[in-house]
Amino acid sequence: MSFFALFSVLVCVFHWRVNYPEKSFADAMRKSLQNLQHLDLKTSRSYLADQFEYAFTDRRAREEEEALARVRAAEEQRRLKALREKKAREEAARKAREEAEHKAAEAMEREQIQKAKEEAERMALEESRRRQAVFAKHTGSTKRHTTESRPMACNIPFAYVFPKCGRLAKTQPLFKPEELGFLQ
């Protein structure tokens, strides 16, 4: 037994000299004793419990369980990241769809406004034609103007200021513009 103790001390001294050549063995022993002085009952108990656990349990199985737990946590994080990315893509697609629907609704509204304007213009044109027809009916049709004889009073200069002569001057001019080319 004493041989084993002496051999252990020599191995410790040799190990210390190889790994820590700038420090002395006495300093190491002194620091170890100082550390032992600072140990309390709670720390000692936890240290002994750890040592007992390491001695009587399968450390490899525990490390495998820890590695498996780390893998599961990493997979969970990847799954959560993929889920967040999927939600972000769905949100972007939903926003794009809403924007497209909004643009389509605006285009449809503009088209309806354009159709309403065109319809109003068409109705205004029809109304003006109808009014012209009613006006022509009440004031006399253009057929009557063409068949109507020209009174002698309408042949004097500036007679077109009178309504009847003005209508006749517009519908039945005395001279055709081609005939008056020599006046130019």
Taking only pairs six or more apart or across chains, which ones have beta-carbon atoms under 8 Å, a first residue in the stretch 8-36 that is surrounded by 10 or more Cβ atoms within 10 Å (Cβ to Cβ), and a second residue that is modelled with pLDDT under 75 and among the basic types (Lys, Arg)?
Trp16/Lys23; Phe25/Arg17
Checking the structure you have, find out if any residue of the stretch 59-79 is at pLDDT below 95 and surrounded by fewer than 10 Cβ atoms within 10 Å (Cβ to Cβ).
yes
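Which one is farthest from Cys12 (Cα to Cα), of the residues in the stretch 35-52 that are in a helix (DSSP H, G or I) and at pLDDT below 70? Can you show your working first?
The first filter runs over the stretch 35-52 and keeps only residues in a helix (DSSP H, G or I), leaving 35-37, 41-52.
Within this subset, residues satisfying the condition of being at pLDDT below 70 are 35-37.
Details: Asn35: 18, Leu36: 18, Gln37: 22 Å.
Ranking the qualifying residues of the stretch 35-52, first place goes to Gln37.
The values are calculated or read from the model by the stated rules, or taken from the named source; none is laboratory data. Computed from a predicted structure; not experimentally measured. Methodologically, a virtual Cβ is constructed for each residue, glycine included, from the backbone with ideal geometry; neighbour enumeration extends over all protein chains shown.
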